[in-house]
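S.K.: Pasting a structure below so you can have a look.
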Amino acid sequence: KAGVTQTPRYLIKTRGQQVTLSCSPISGHRSVSWYQQTPGQGLQFLFEYFSETQRNKGNFPGRFSGRQFSNSRSEMNVSTLELGDSALYLCASSLRVATPNYGYTFGSGTRLTVV
Amino acid sequence: DQQVKQNSPSLSVQEGRISILNCDYTNSMFDYFLWYKKYPAEGPTFLISISSIKDKNEDGRFTVFLNKSAKHLSLHIVPSQPGDSAVYFCAANWDQGGKLIFGQGTELSVKP
């Protein structure tokens, strides 16, 4: 059974550019969440999608956006990149909302470096 | 405002002994708590969870204890093995959705 797939694994961008990251959840999973991991802030919630609808949003500026497609694949976009956006971006999927006891399955992440 | 705190950034334990990782929280609305294990360059892996209506959940070598009055939970690993060496995160959830609030993590080192 394929896990959560995130592409690309590594990315280097210049300040001011924009970037799109992709996440393919486990087959049958309809809930996708995104997290940012940095050494200083730890793992922070970005957003959550379920059935193409954003269900929850973290405390990030509007430069961070996302969407989910009908096949449950999700993308997140960061515009006008800043140096502080350098982080590991993690995607997690779950069968459905309201299943915290199952735990969410995380992908290996996309390492974004902004120079 | 750090709602979930892991005050020990690192812990070193001898193989075969017990590892105890601690986590404190401030939000009494949390109704599920989870522990994740993370290796470098990989995503977190779910280990074990506990509902706020329970005080203990056990899965093999892993046991999570919840003390609601103290707003404290702990993960016990018995016996500890070198392969358990990783960063452990506790996380909390309150709206049964996908928003998890993570602690800062504790790096466990199990020495042979």
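The values are calculated or read from the model by the stated rules, or taken from the named source; none is laboratory data. What you are looking at is a predicted structure, and each value in this text was computed from that prediction instead of being measured. No Cβ is skipped: glycine too gets one built from the backbone with ideal geometry, and neighbour counts run over all protein chains shown. For the accessible areas, the whole protein counts, side chains as well, though only heavy atoms, and no ligand, DNA or RNA atoms are used. Shrake-Rupley method; radii C 1.70, N 1.55, O 1.52, S 1.80 Å.
S.K.: Go through A:75, B:58 and list them by solvent-accessible area, largest first, probe radius 1.4 Å.
M.R.: I get B:58, A:75, largest accessible area first.
S.K.: Return the distance in nm (one decimal) between the two label points of a simple spin-label model at residue B:59 and residue B:74, each offset 7 Å from Cα along Cα→Cβ.
M.R.: Result: 2.1 nm between the two label points.
S.K.: For chain B, taking Cα atoms only, what is the radius of gyration to one decimal and the Dmax to the nearest whole Å?
M.R.: Reported Rg and Dmax, both Å: 13.3, 41.
S.K.: Follow-up. How many Å² of accessible area per residue for chain A, probe 1.4 Å?
M.R.: 46
S.K.: What do you reckon, how do B:76, A:29 stack up by accessible area (1.4 Å probe), largest on top?
M.R.: B:76, A:29
S.K.: Nearest 100 Å² is fine: what is the total accessible surface buried where chains B and A meet, probe 1.4 Å?
M.R.: 1800
S.K.: Could you give the spread of the C-alpha atoms of chain A along their three principal axes, from largest to smallest, in whole angstroms?
M.R.: 37, 27, 27
S.K.: A further question follows. Using the Cβ atoms and a cut-off under 12 Å, what net charge is assigned to the surroundings of residue B:23, where Lys and Arg are +1 and Asp and Glu are -1?
M.R.: After counting each charged neighbour, the total is +1.
S.K.: What Kirkwood Rh does the protein assembly as shown have if only Cα atoms enter the pairwise 1/r average? Answer in Å.
M.R.: Hydrodynamic radius (Kirkwood, Cα only) of the protein assembly as shown equals 17.9 Å.
S.K.: Something else: Binning every alpha carbon pair distance of the stretch B:28-86 at 5 Å from zero, what are the percents per bin?
M.R.: 4, 16, 28, 21, 16, 10, 4, 0
S.K.: At 7 Å along the Cα-to-beta-carbon direction for both residue A:12 and residue B:51, put a label point, then send me their distance in nm to one decimal.
M.R.: 5.0
S.K.: Please list, ordered by chain and number, the residues whose modelled amide H lies under 5 Å from the amide H of residue B:107; skip anything fewer than 5 residues away on the same chain.
M.R.: B:10, B:11, B:88
S.K.: When the accessible area of the stretch A:1-98 is computed with all protein chains present and a 1.4 Å probe, what percentage of it is carbon and sulfur?
M.R.: 47
S.K.: Rg over Rh of the stretch A:14-60, using C-alpha atoms and the Kirkwood radius, what does it come to?
M.R.: 1.02
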